[in-house]
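Working notes for the structure below.
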Amino acid sequence: MKKVLLFAGTRKGGLIFTSDESRRQWDASDLHFKAWKMMHMVMDPRDRRIHASGIHEAFGPSTHYSDDFGETWTQSEQPPKFDRPSAAHRPIGTPEEARDPDEALQKAEEVLKVWKIEPGQEAEKGTLYAGVEPAALFKSTDRGRSWQINQSLYDHPHRANWFPGAGGLCLHTIVPHPTDPDQMWVAISTGGCYYTSDGGVTWNPRNKNVRADFLPEKLPEYGQCVHKIVMHPEFPQRLYQQNHCGMYRSDDGGESWIDIGEGKLPSRFGFPIVVHPHEPDTIFLVPEESDQFRVSLDNKFVVWRSRNAGESWEPMTKGLPERAYLVVLRDAMTTDNCDDAGIYIGTSTGQIFFSKDAGDNWELLADYLPPISSLEAIVVD
């Protein structure tokens, strides 16, 4: 019988929830990585190795992996690390260090967080990608034991003009092409969407028509604050984006973007977005009041759904709390690929809600958890 696994990264550790395909009853593991802030947990479907990225107050950030469903964990031998300063933006450190430029230029930045671990394609056995703060992309070719930086993106000439958002200067989203290993999209806050067609040798911004209301130039080439980008694998040229300044769709691989929220949604601000695994035109998001007041709109927790690629939207509320001040972070929303796909949402106050019918009805899966950073679901035999 197939099992559904739901991985939850929380501020106090990681949890693994397990159910059968009916998803009527869930069993929860003990807390993994106690005292670690777990940014992300994900199972690689190619070999069933679970990967985790976390931050310890004393030991800093690292990545781990498990081959026995979390019974034991191994820390990566070489977690993501900067070996030298970026050629595009070398930090000068404190004012004292700045008096000696030669010495200052030798000081590399420190990886502060590993935001995301993304498995590669089926053909890329053993290959994984990681996005970190400050914004950079790393690659592993040995199933997460060691990581190497993508130097081209780290040295990108735009880097000197990227700046941190409220969550820091982070590369938080990695979207590999489903069949072409040379193509990939990444999202940086605050830098925008960048694309490579040559396996990461070169990177180009793809932000046309995406607003940046916080900048003097409202439609810049780059500098947008992307919150999340998703793709349905059957339509790799179509991307959906939740941005600091709106909700967008691209039908040409990010070369241009269409605003699909203006006048249709009650807010232009939000973080998470997911696409239905079997319906490429069906997407879900959770808007917030504004960038100044980051809680659910009008004191109600509402999930918005579009079944026509953002041409129109409808609110989903059945089973969700009628009065609540909830926040959903960018990676705390996911789907499984059951025949009746499940949609899962985690909140910063420790609830997980899920729907087995494309958002028509919602249930409470878990409560009284630490603040939830991320959710990932997978169905296994």
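One residue stands out among those in the range 256-293 that are charged (D, E, K, R) and surrounded by 15 or more Cβ atoms within 10 Å (Cβ to Cβ): the one that is nearest to Asp180 (Cα to Cα), which is Asp281. If only residues of the range 1-15 that are surrounded by 20 or more Cβ atoms within 10 Å (Cβ to Cβ) and of a type outside the set (Gly, Ala, Ser) are counted, the one that is farthest from Glu77 (Cα to Cα) is Val4.
State whether the residues of the range 190-198 include one that is within 30 Å of Asn308 (Cβ to Cβ), touching a Cys at 6+ places or on another chain (Cβ under 7 Å) and surrounded by 20 or more Cβ atoms within 10 Å (Cβ to Cβ). Looking for residues that are within 30 Å of Asn308 (Cβ to Cβ), touching a Cys at 6+ places or on another chain (Cβ under 7 Å) and surrounded by 20 or more Cβ atoms within 10 Å (Cβ to Cβ), one finds none in the range 190-198, hence no. The condition (being within 20 Å of Val275 (Cα to Cα) and in contact with a strand residue (DSSP E or B) (Cβ under 9 Å, 6 or more places away or on another chain)) is satisfied by just one residue among Ile229, Ile149: Ile229.
Can we say Asp27 is among the acidic types (Asp, Glu) and out of contact with any strand residue (DSSP E or B) (no Cβ under 8 Å at 6 or more places or on another chain)? Taking the combined requirement at face value, the residue does not satisfy it. Residues of the range 223-245 include none that is out of contact with any Ser or Thr (no Cβ under 8 Å at 6 or more places or on another chain), assigned to a loop (DSSP other than H, G, I, E, B) and on the phi > 0 side of the Ramachandran plot. So which residues in the range 246-275 are closer than 19 Å to Met184 by Cβ and part of a loop (DSSP other than H, G, I, E, B), if there are any at all? Once the filter is applied, which keeps residues that are closer than 19 Å to Met184 by Cβ and part of a loop (DSSP other than H, G, I, E, B), the range 246-275 yields Asp251, Asp252, Gly253, Gly254, Glu255, Ser256, Trp257.
In this structure, Gln183 does satisfy being buried (at least 16 other Cβ atoms within 10 Å of the Cβ), in contact with a Ser or Thr (Cβ under 8 Å, 6 or more places away or on another chain) and within 26 Å of Thr127 (Cβ to Cβ). In the range 289-305, the condition of being in a strand (DSSP E or B), modelled with pLDDT of 95 or more and over 22 Å from Thr10 (Cβ atoms) is met by at least one residue. Screening Gly131, Gly167 for residues that are closer than 19 Å to Ile50 by Cβ and either small (Gly, Ala, Ser) or surrounded by fewer than 19 Cβ atoms within 10 Å (Cβ to Cβ) (or both) leaves exactly one candidate, Gly131.
Restricting the first member to the range 288-306 and to residues that are closer than 18 Å to Ala166 by Cα, and the second to residues that are acidic (Asp, Glu) and assigned to a helix (DSSP H, G or I), the beta-carbon pairs closer than 9 Å and six or more apart or on different chains are Glu289/Asp298. Looking across the range 141-178, just one residue is in a strand (DSSP E or B) and free of Cβ contacts under 8 Å to residues at least 40 places away in the same chain, and that is Gln148.
The values are calculated or read from the model by the stated rules, or taken from the named source; none is laboratory data. Keep in mind the model is a prediction, meaning the values are calculated, not measured. So basically every Cβ, Gly included, is an ideal-geometry build from the backbone, and we count neighbours across all protein chains shown.
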